[in-house]
2 protein chains.
Amino acid sequence: MEKDTRDKLIEAGEKLFSARGLAGVSIRELSQEAGANSALISYHFGGKESLYSAILEKQFSPIGILLDSVSGIKASPTEKIIKYAQGVTMVHGKMPFFTKFLMGEIISPSRFFEPLIQKYIHRVYGFLTNTIREGIDCGEFRKDMDVNAAALALAGMLNFYFISRPISRRFVPDGTVQGENFVVQAVEIFLSGVKECGDK
Amino acid sequence: MEKDTRDKLIEAGEKLFSARGLAGVSIRELSQEAGANSALISYHFGGKESLYSAILEKQFSPIGILLDSVSGIKASPTEKIIKYAQGVTMVHGKMPFFTKFLMGEIISPSRFFEPLIQKYIHRVYGFLTNTIREGIDCGEFRKDMDVNAAALALAGMLNFYFISRPISRRFVPDGTVQGENFVVQAVEIFLSGVKECGDK
């Protein structure tokens with residue numbers, strides 16, 4: 001029963017905070033949405049801010065798990081990028097509010113941005129630049145490109161797809177750009193774009 | 001003098017609405033930020049909602065002007081994409097709040113999303129898919145790719161860079177990925193990725 005209320009508060013917070021941010025949601029709205037007495041927010045989490053921070057941790061921790069798994073594998077840089085992209089698609093599938101929290105925190109950072117979200121962004125960026133650098137060193141990728149620009153370009157392709165999905169559904173012909181299919185196509189364009197010419 | 005107050009209200013609105021959205025800003029905050037009597041919002045715009053809508057129009061209209069200019073030019077699909085990307089960079093340079101309004105409206109759409117923003121998104125998407133299709137037809141681009149996925153991938157590369165700029169500045173080594181340089185590099189990766197193989 002206790003766990004039930006805790007889960008309901010998390011769910012209510014995911015829905016409300018993802019749309020309006022930490023400052024835009026009151027304790028009263030949270031307890032109404034969860035169908036729980038507002039005192040239970042303090043009881044379970046210690047307050048609105050701590051509920052928000054628990055939700056952020058829940059949203060971002062799968063990215064940490066993904067990075068742990070792809071960093072360790074024995075694979076070529078090309079394969080690592082494909083595995084990472086597949087993993088990102090899975091995280092978005094399991095965490096439908098993830099992009100909203102990420103974008104909301106980028107537009108109006110809360111005090112949790114630095115301690116909580118920035119470390120994940122740093123790790124993703126480190127993984128991408130290291131893998132691209134590795135690809136250049138072993139001759140898989142072109143030498144004449146900027147590693148930072150390539151990392152941002154790939155992150156942009158993947159992230160923006162999930163950001164824009166609620167609206168792209170309105171105008172992209174049905175079925176052509178479903179999640180996994182888009183990611184396969186986008187990564188294929190990226191990899192062809194960075195591939196060392198003689199490799200083709 | 002009158003024009004002055006109007007401009008101040010627009011500026012105040014750009015700053016506050018871009019960070020907190022239409023619902024998150026009160027008339028009182030707007031008039032305080034602008035240093036103007038709150039009655040002047042009604043006088044100049046008819047109310048908070050109309051001020052917001054005037055700001056959205058101002059933010060998005062340069063995209064319409066850009067599309068008018070790149071759609072008409074006599075150029076190859078590759079050149080059109082480069083010109084479009086350069087234009088997008090210029091729009092972001094002139095409109096520092098543009099991405100925040102776009103992302104804010106995607107995360108929590110106001111009632112102005114459909115009548116006002118969607119038409120621009122449709123036009124951008126139409127321009128990109130038409131240009132990519134043209135490139136496939138004339139043999140510049142690969143036949144074996146999904147036009148919708150390629151359009152979303154390019155839009156993602158470009159948009160995400162501007163979305164993430166406030167945070168990427170914190171971890172991307174200084175100077176390597178400045179606005180114009182990033183866009184040149186990202187478009188180069190995209191164009192190499194979609195290029196017909198024999199073309200290389």
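For chain B, modelled as a GNM with alpha-carbon contacts under 10 angstrom, which of B:Asn159, B:Asn181, B:Asn148 fluctuates the most?
Greatest mean-square fluctuation among the candidates belongs to B:Asn181.
With +1 on the Cβ of every Lys and Arg and -1 on the Cβ of every Asp and Glu, and nothing else charged, how large is the dipole of region B:55-199 about its Cα centre, in debye rounded to the nearest 20?
For this selection, approximately 500 debye.
Taking all protein chains together and a probe of 1.4 Å, list A:His44, B:His122, A:His92 from the most accessible to the least accessible.
The ranking, largest first, comes out as B:His122, A:His44, A:His92.
Return the single residue from A:Gly46, A:Gly104, A:Gly64 with maximal mean-square fluctuation; model: Gaussian network over chain A, springs between Cα atoms under 10 Å.
A:Gly46
Within 10 Å of each Cβ in peptide A:97-108, how many partner chain Cβ atoms are there on average? Round it to a whole number, please.
Partner-chain Cβ atoms within 10 Å, mean over residues of A:97-108: 4.
Averaged per residue, what accessible surface does the protein assembly as shown expose to a 1.4 Å probe, in Å²?
Per residue, the protein assembly as shown has an accessible area of 45 Å².
Which of rounded, prolate or oblate describes the protein assembly as shown when judged by the alpha-carbon gyration tensor and an a/c cut-off of 1.5?
Judged from the Cα gyration tensor, the protein assembly as shown comes out oblate (a/c at least 1.5, b/c at or above a/b).
A 19 angstrom limit on the alpha carbon distance is what I want to check against. Which of A:Lys143/A:Lys195; A:Lys15/A:Lys94; B:Lys74/B:Lys119; A:Lys94/B:Lys100 exceed it?
With Cα atoms farther than 19 Å apart: B:Lys74/B:Lys119; A:Lys94/B:Lys100.
For the interface of B with A, what's the total buried accessible surface in square angstrom, probe 1.4 angstrom, rounded to the nearest hundred?
Chains B and A together bury approximately 4400 Å².
When only C-alpha pairs under 8 Å and at least 6 residues apart count, what is the relative contact order of chain A, in percent?
21 percent
If you keep only loop residues by DSSP, which trypsin sites (Lys or Arg not before Pro) in region B:66-111 have at most 13 other Cβ atoms within 10 Å of their Cβ?
Hits after loop and neighbour filter: B:Lys74, B:Arg111.
Where the Cα atoms of chain B are projected onto their three principal axes, how long is each span, largest first, in whole Å?
In descending order, the Cα extents are 66, 38, 30 Å.
Tell me which residues come under 5 Å, amide H to amide H, from B:Lys195 once H is placed; ignore anything under 5 positions away on its chain.
For B:Lys195, whose amide H was placed from the backbone, the distant partners under 5 Å are B:Arg142.
Once both axes come from the Cα atoms, what is the angle between helix A:118-137 and the longest principal axis of chain A, in degrees from 0 to 90, rounded to 10?
Once rounded, the angle reads 10 degrees.
For a quick check of understanding: with a 1.4 angstrom probe and all protein chains in place, what accessible area in square angstrom does B:Met103 have, to the nearest ten?
0 Å²
Net charge around B:Pro166, counting only other residues with Cβ within less than 12 Å of its Cβ (Lys, Arg = +1; Asp, Glu = -1)?
Counting the neighbours of B:Pro166, the net charge comes to +3.
Report, in whole Å, the centroid distance computed from the Cα atoms of region B:77-128 and region B:5-24.
Going from one Cα centre to the other spans 19 Å.
A:Phe171 accessible area, nearest 10 Å², 1.4 Å probe?
Solvent-accessible area, nearest 10 Å²: 40 Å².
To the nearest 10 square angstrom, how much accessible area does B:Tyr120 have with a 1.4 angstrom probe?
For B:Tyr120, solvent-accessible area is about 20 Å².
Kindly tabulate the residues in region B:1-50 with an accessible-area decrease of at least 30 Å² between the chain alone and the assembly of all protein chains, using a probe of 1.4 Å.
The answer is B:Ala19.
So which residues in region B:133-169 end up with at least 40 square angstrom less accessible surface once the other protein chains are there, compared with the chain by itself, probe 1.4 angstrom?
Buried by 40 Å² or more upon assembly, which counts only protein chains, are B:Arg142, B:Asp146, B:Asn148, B:Ala149, B:Leu152, B:Ala153, B:Met157, B:Phe160, B:Ile163, B:Ile167.
With point charges of +1 on the Cβ of Lys and Arg and -1 on the Cβ of Asp and Glu, referenced to the Cα centre of the protein assembly as shown, which listed residue (A:Leu128, B:Pro77, B:Ala19) lies farthest in the positive direction of the dipole?
B:Ala19
Quick one: pull the percent of accessible area on the protein assembly as shown belonging to carbon and sulfur, 1.4 Å probe, ligands and nucleic acids left out.
Accessible surface attributable to carbon and sulfur in the protein assembly as shown totals 52 percent.
Report the calculated FRET efficiency for A:Glu196 and B:Gln118 (r = Cβ-Cβ distance, R0 = 25 Å), to the nearest 0.05.
My answer for the efficiency is 0.05.
How far is helix A:147-171 tilted, in degrees, relative to the longest principal axis of the Cα atoms in chain A, given as a value from 0 to 90 rounded to the nearest 10?
Tilt relative to chain A: about 60 degrees.
From the helices alone, meaning DSSP H stretches of at least four residues, give me the mean residue ellipticity at 222 nm for chain A, per-run term -39500 (n - 2.57), in deg cm²/dmol to the nearest 500.
Value at 222 nm, helices only, nearest 500: -24500 deg cm²/dmol.
So how tilted is helix B:77-94 from the main axis of chain B? Cα-based, degrees 0 to 90, rounded to 10.
The angle comes out near 20 degrees.
The values are calculated or read from the model by the stated rules, or taken from the named source; none is laboratory data. The structure displayed is predicted, hence computed values, not measured ones. All Cβ positions, even for glycine, are placed from backbone atoms using ideal geometry, and neighbour counts span all protein chains on display. Side chains included, ligands, DNA and RNA excluded: accessible areas come from the protein's heavy atoms. Shrake-Rupley method; radii C 1.70, N 1.55, O 1.52, S 1.80 Å.
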